[in-house]
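Shown next, in structure tokens, is the structure this report addresses.
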Amino acid sequence: MPLLDVKNLRVDLPVEAGTLHAVRGIDFHVDRGEMLCLVGESGCGKSMTSLALMGLLPRKARLTADRLEFDGIDLTTLSERRRSDLRGARMSMIFQEPMTALNPAYTLGNQLCEGVIRHRGVSRREASERAIYLLERVGISAAKDRLNQYPHQLSGGLRQRVMIAMALMCEPDLIIADEPTTALDVTIQAQILRLLRELQQEFGTAVIFITHDLGVVARIADRVSVMYAGEVIESAPTPALYANPGHPYTRGLLSCIPAPGKTPPGSRLQAIPGVVPSLVGNVEGCAFRNRCPQAQPTCERTPPLKSLLDDHQARCHFADQSVPAPRQPETMS
Amino acid sequence: MGTFIIRRILVAISVALTISIVSFMLLHLSGDLATSIAGPEATAEQVEQIRIDYGLDRPIVNQYLDWLGGALTFDFGRSYYYQSTVVDLIVDRMPITLTLGGLALALAVSIAIPLGVLAALKRDTWVDRLALLFAVVGQAMPSFWFGLTLIVIFAVTLQWLPAAGSDGWQHFVLPAIALGYYATPAMMRLTRTGMLEVLEADYIRTARAKGLRTGSVIFKHALRNAIIPVVALAAVELGFMLGGSVVIESVFSLNGLGQLAWDAISRNDYPVVQAVVLIIALFYIVLTLLADVANAALDPRIRTR
């Protein structure tokens, strides 16, 4: 049984123009100790997905799912009180913005310890000892003194390390990391990434890693699910996805990444033309077809999820065919 | 924190000195003191006599230094009107004003903050609208009118509480309500705005992601940050209530500092006016200092600045 099992998850947000279908029926699962990467550009629904899993959706959002189970517990029917017993204890989250994710008014020690005191009923001292251990483990020096410091006394990279330590305080089964490295500069990004991977393997925690970066970041995962316009359009073990991408969007994303040694210096970087369709109202057919170089009349119909090799699926009419020739540009008269 | 407080105290002292100079000068610039003390029927000789008796013929700097030296030892001279020293008058009146102001602030804070939090949590519901109505009424209604209404209802019609005087706690109930209601709306709305802003903050989401109980999220994580501007406002409002409660003191015939100042001004009783102005200014300075220290205690970022 997977640790997290999601079938046909939908998140709808009422907006002025109607209903925004932020997440449009996605399926995925995460096994114990596994790292799943959710990749997609801004507005593809990946953050809404993570908030839905945590039960932290905005109050107006509507969530429906055929199945949303965490370790056999049905999250859709769980009361808010029982849900908060899980949050921070068995599933925790690392956010994108380390600069604002910590409360400026309390010491790091206070914020690190309050969760484990609440969930595990441990004493303040035991909690502090665990906090010191984890701060050292995430590579923060003078951990004991840090407990009495305030967030504003730390750099962004350090704060993100504190957030990681905080997420590990109760030894959760699942950590959801929502673009944890996006707000950091590149060298720090690599450090944080390596740290997360190490800790994930050391503690056997399952991780859902959310990112827009199919280049470096997604490669650390065991499996990758690519999201587009509120849907998972491709899902595969990491090597298979990179070796044999089945969806034109995935191929587009991969071709956007400059490859060292291959991409000539000074050459133009690839980009996918066009914009993401509006998710207000119903989306008919393949959501990517207006940007797809291989679009055919068939794409007016909603594509099925096609299975490729082991555990590799793509939502494209042509996923299991050899790549069709690009559509001929219409002749201009 | 220590150096922060010392720095603030030094600033406070220099502000106090500046105010003492300004208040002293203003009185001397407002006209010839000897003439106004002597009254309209006095002869020129009498005016000159008064000028010499009160030391008004000396250079103004000397007069100020003398007055300041006295003020430092709580000697503000004698009242021209009452047969007692200024200090005795103030010591007599101050407890009434302090009691009234303290009660009114306590009342205002204990209504404004819970109501502001509630309005923010129940944003755009009838609870929020009712709180807004309560605030608008409080801001729009003149305090003397509200005070008189309270007297009519509770003192005259129901006869539950006395209408005037300052002999027992019962006498402070109605004036504290009248003055407190006046101070409530601004604090309530600031609390509400602060809570709405803070509840959207990333660290509130973090707190919820930790699975903390709702009470802990709202009161520990949100209110602590939302309350910071309210503390400064409460200090200013208390200063206002201590110095500017003349209207309420008149309506309820409380002989507080406001009443004393008003009487002293209308009687050209300059030593009293100067002393009261200085003391009210000192209230403000001390309260601002306390608010700064409270803010620093609430917000660690201020301490290191």
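The values are calculated or read from the model by the stated rules, or taken from the named source; none is laboratory data. Keep in mind the model is a prediction, meaning the values are calculated, not measured. When we count neighbours, we look across all protein chains shown, and the Cβ atoms used for this are built from the backbone with ideal geometry, even at glycine.
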query = How many residues are of a type in the set (A, V, I, L, M) and touching a strand residue (DSSP E or B) at 6+ places or on another chain (Cβ under 9 Å) when one looks only at region A:79-100?
reply = 4
request  = Kindly indicate whether A:Met48 is within 24 Å of A:Thr238 (Cβ to Cβ) and either away from chain B (no Cβ under 14 Å) or at pLDDT below 95 (or both).
outcome  = yes
note = So the helices (runs of 4 or more DSSP H) completely within region A:27-122 holding 3 or more residues that are in contact (Cβ under 8 Å) with a residue 12 or more places away in the chain, more than 25 Å from A:Met1 (Cα to Cα) and more than 13 Å from the chain's Cα centre (by Cα) are A:108-120
ask   = Within region B:183-197, is there a residue that is surrounded by fewer than 19 Cβ atoms within 10 Å (Cβ to Cβ), in contact with a helix residue (DSSP H, G or I) (Cβ under 6 Å, 6 or more places away or on another chain), touching a residue at least 40 places away in the same chain (Cβ under 8 Å) and under 30 Å from A:Ser50 (Cβ atoms)?
value = yes
ask   = If you scan region B:71-86, which residues turn out to be at pLDDT below 85 and surrounded by 12 or more Cβ atoms within 10 Å (Cβ to Cβ)?
value = B:Ala71, B:Phe74, B:Asp75, B:Phe76, B:Gly77, B:Arg78, B:Ser79, B:Tyr80, B:Tyr81, B:Tyr82
query = From the residues in region B:18-52 that are within 25 Å of the chain's Cα centre (by Cα) and in contact (Cβ under 8 Å) with a residue 40 or more places away in the chain, which one is farthest from B:Pro300 (Cα to Cα)?
reply = B:Leu27
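Could you check region B:203-216 and list, in sequence order, the residues that are at the interface with chain A (Cβ under 10 Å from one of its Cβ atoms) and more than 18 Å from A:Thr107 (Cβ to Cβ)?
Our first condition is that a residue be at the interface with chain A (Cβ under 10 Å from one of its Cβ atoms); within region B:203-216, this holds for B:203-214, B:216.
The answer is B:Arg205, B:Arg208, B:Ala209, B:Gly211, B:Arg213, B:Thr214.
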request  = Determine if region B:270-293 includes at least one residue that is touching a residue at least 60 places away in the same chain (Cβ under 8 Å), within 21 Å of B:Ser79 (Cα to Cα) and of a type in the set (Asp, Glu).
outcome  = no
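Given the criteria out of contact with any Pro (no Cβ under 8 Å at 6 or more places or on another chain), farther than 14 Å from B:Leu100 by Cβ, more than 8 Å from chain A (Cβ to nearest Cβ) and aliphatic (A, V, I, L, M), does B:Ala222 qualify? Break it down into steps so the answer makes sense when it comes.
Details: out of contact with any Pro (no Cβ under 8 Å at 6 or more places or on another chain): yes; farther than 14 Å from B:Leu100 by Cβ: yes; more than 8 Å from chain A (Cβ to nearest Cβ): yes; aliphatic (A, V, I, L, M): yes.
The answer is yes for B:Ala222.
Select, from A:Leu241, A:Leu309, the only residue that is aliphatic (A, V, I, L, M), farther than 13 Å from A:Gly40 by Cβ and in a helix (DSSP H, G or I).
Numbers: A:Leu309 fails: in a helix (DSSP H, G or I).
Of A:Leu241, A:Leu309, the one residue that is aliphatic (A, V, I, L, M), farther than 13 Å from A:Gly40 by Cβ and in a helix (DSSP H, G or I) is A:Leu241.
Any idea which of A:Leu158, A:Leu135, A:Leu214, A:Leu199 is away from chain B (no Cβ under 14 Å) and under 30 Å from A:Gln270 (Cβ atoms)? Step through it out loud before you land on a result.
On the way: A:Leu158 fails: under 30 Å from A:Gln270 (Cβ atoms); A:Leu135 fails: under 30 Å from A:Gln270 (Cβ atoms); A:Leu199 fails: under 30 Å from A:Gln270 (Cβ atoms).
Matching residue, one of A:Leu158, A:Leu135, A:Leu214, A:Leu199: A:Leu214.
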request  = Give the residue that is surrounded by the most Cβ atoms within 10 Å (Cβ to Cβ), with candidates limited to residues of region B:227-253 that are more than 9 Å from chain A (Cβ to nearest Cβ), in contact (Cβ under 8 Å) with a residue 60 or more places away in the chain and within 21 Å of B:Asp299 (Cβ to Cβ).
outcome  = B:Glu237
task = Given the conditions (1) more than 16 Å from B:Asp202 (Cβ to Cβ); (2) touching a Gly at 6+ places or on another chain (Cβ under 9 Å); (3) more than 8 Å from chain B (Cβ to nearest Cβ), report the number of the one that A:Met99 does not fulfil.
result = (1)
query = Is it true that some residue in region A:78-94 is under 30 Å from A:His247 (Cα atoms) and surrounded by 22 or more Cβ atoms within 10 Å (Cβ to Cβ)?
reply = yes
